[in-house]
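Okay, so here's the structure we're looking at.
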Amino acid sequence: MARAFSGWLTPGEVAEQLKVSRATVYALCAQGRLGHARVGLSIRIRADQVDAYAVAADFAAVTRSRTRRRGQRPGGAGDPPR
């Protein structure tokens, strides 16, 4: 039976991988942003779900970064307004 859960992680293990708190992992699960399963009162997250979330979060960060750069004035963000 232990083999069936070999690809599943605890919220603590996911938190270590993503370098966030366990509370953040629980919040991501509650928001539906991180796929998970309940086993009794416990939450388990498949490793591939963590990978998919990390890729999506990285893509979102890159997209936000590009959007900010496009919105800046040619003189740079630190220049005083004219």
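Quick notes on this structure:
- Meets criteria (at pLDDT below 70, basic (Lys, Arg) and either part of a loop (DSSP other than H, G, I, E, B) or surrounded by fewer than 11 Cβ atoms within 10 Å (Cβ to Cβ) (or both)) for Arg38: no
- Within the stretch 44-66, residues that are closer than 24 Å to Ser6 by Cβ sit with their Cβ atoms under 9 Å from residues that are at pLDDT below 70, at 6+ positions apart or across chains, in these pairs: Arg44/Phe5.
The values are calculated or read from the model by the stated rules, or taken from the named source; none is laboratory data. Remember, predicted model here, so these are calculated numbers, not experimental data. Neighbour counts run over all protein chains shown; Cβ positions are idealised from the backbone, glycine included.
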